[in-house]
Amino acid sequence: MSENFETIAIRTQTERSLHKEHSSPIYLTSSYKFDDAEEMRALFANEKEGNVYSRYSNPNTSEFIEKMCLLEGAEDGFATATGMASIFTTFGAFLKSGDHIVSSRSVFGSTHQLLTNVFSKWGVTFDYADLDKPQDWEALIKPNTKIVFVETPSNPGIDLIDLEFIAQLTKKHNVLFVVDNCFATPYLQQPLKLGADISIHSATKYIDGQGRVLGGIILGRKDLITEVMNFARHSGPSLSPFNAWILSKSLETLAVRMDRHCENALKVAEYLEKHPKIKLVKYPFLKSHPQYEIAKKQMTQGGGIVTIVVNEGIDGARKFMDGLKMFSISANLADTRSIATHPATSTHSKLTEEQRLEVGIEQGSIRLSIGLEHIDDILADIEGALSN
């Protein structure tokens, strides 16, 4: 098998059936037949590999997992129904009452809710650390710290941290290092090769890339994924075979899609950085980005998300979004279609104003997910909205 990303993503598939199909079929089955009683016993005893029940595994989810493991350099993986299910399952598999997490302060709104309102009920405590203050992280690690969790680039602040630095820190303190790699995808960034123990994706985003299905995946060492599986098999966050089939097919075009997303996003960021109505532009491959050197070190391109702050606060943000003609106003991202989101009133609305400001979300902040339309049309729509 080739070692090239695109070839792996396209040519990895389940074994063909007697029908000799060229494209993998969809295995819409909840359960499987055993040849005899002994095979059933051996499969349930984990003495033999095979499918037992689609809550555990399915040929479509297995193909998707195999591809993602090869693309990100993981020994094993487990696919879940959503990206948040992947984060919850990872936390649930490794945390117990009395444990502690150190997390980047700039995280997705639902991850914040898990930390503050869900795991806190079960006696798990946490501390937030700022991605732009790596010198503060070690002091937050306690004897009961079990996980260090980061998003890089973060949602929606587009902040970054040096993954190799955090990896050295977590190994020093024997703490699990978990990375939400959703914004970068395996094509742009591979946290496991930089020292992370687990890499998580919301496959709903760029892995699918067309706004069709939900999904998530957890990737890492085999011993860690075994722990994840033991938790997930009984808690049941499994990915459906149909969604797994869609996601595996979507991986075939991930590289070409991400190349265009990144190309368009960089042009948008460069254009907006010079615009008089824009207060701030954040994009990893802009030289003005505070962690530009880190981005160049651990990412191959800057991704498809540009976060801006418009003048005039909430009024300016509403005027801009209402002035868009082609962009979709949606809470989603990473679609073929360009999307604008106002985090303060949507994805991060459950945070207090103080909490939002701590992670750089102002009332004038807008997250732009730059799609695959022609760049001239994208820029024309943005300019039209800013001219209102």
Looking only at segment 157-174, count how many residues are open to solvent by less than 10 Å² (accessible area, probe 1.4 Å), in a helix (DSSP H, G or I) and hydrophobic (A, V, I, L, M, F, W, C). 3
Of the conditions (1) modelled with pLDDT under 95; (2) buried (at least 20 other Cβ atoms within 10 Å of the Cβ), Gln298 satisfies every one except a single condition; which number is it? (1)
Can you confirm whether segment 198-208 contains a residue that is among the aliphatic types (A, V, I, L, M), part of a loop (DSSP other than H, G, I, E, B) and either surrounded by fewer than 17 Cβ atoms within 10 Å (Cβ to Cβ) or under 13 Å from the mean Cα position of the chain (by Cα) (or both)? yes
I'd like the full set of residues that are open to solvent by less than 60 Å² (accessible area, probe 1.4 Å), at pLDDT 95 or above and part of a helix (DSSP H, G or I), limited to segment 352-379. Ile375, Ile378, Leu379
Tell me which of these Ala269 doesn't satisfy, since it passes every other one: (1) surrounded by fewer than 16 Cβ atoms within 10 Å (Cβ to Cβ); (2) over 21 Å from the mean Cα position of the chain (by Cα); (3) assigned to a helix (DSSP H, G or I); (4) not β-branched (Val, Ile, Thr). (1)
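Given the structure, is Phe177 part of a strand (DSSP E or B), hydrophobic (A, V, I, L, M, F, W, C) and crowded, with 22+ Cβ neighbours inside 10 Å? Step through it out loud before you land on a result.
Values: part of a strand (DSSP E or B): yes; hydrophobic (A, V, I, L, M, F, W, C): yes; crowded, with 22+ Cβ neighbours inside 10 Å: yes.
Considered against the rule, which asks whether it is part of a strand (DSSP E or B), hydrophobic (A, V, I, L, M, F, W, C) and crowded, with 22+ Cβ neighbours inside 10 Å, Phe177 comes out as yes.
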How do the pairs read when you match residues in segment 29-47 that are surrounded by 12 or more Cβ atoms within 10 Å (Cβ to Cβ) with residues anywhere that are assigned to a loop (DSSP other than H, G, I, E, B), using Cβ under 6 Å and keeping only pairs 6 or more apart or on different chains? Tyr32/Asn51; Met40/Phe34; Ala42/Lys48; Leu43/Gly50; Leu43/Val52
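Please return the ranges of helices (runs of 4 or more DSSP H) entirely within segment 64-156 where 3 or more residues are open to solvent by less than 20 Å² (accessible area, probe 1.4 Å).
Per the criteria, 83-94, 109-113.
The values are calculated or read from the model by the stated rules, or taken from the named source; none is laboratory data. Keep in mind that this is a model prediction, so the values were computed, not measured. Virtual Cβ from ideal backbone geometry, glycine too; neighbours counted across all protein chains shown. These area figures cover heavy atoms from the full protein model, side chains too; ligands, DNA and RNA do not enter into them. Shrake-Rupley method; radii C 1.70, N 1.55, O 1.52, S 1.80 Å.
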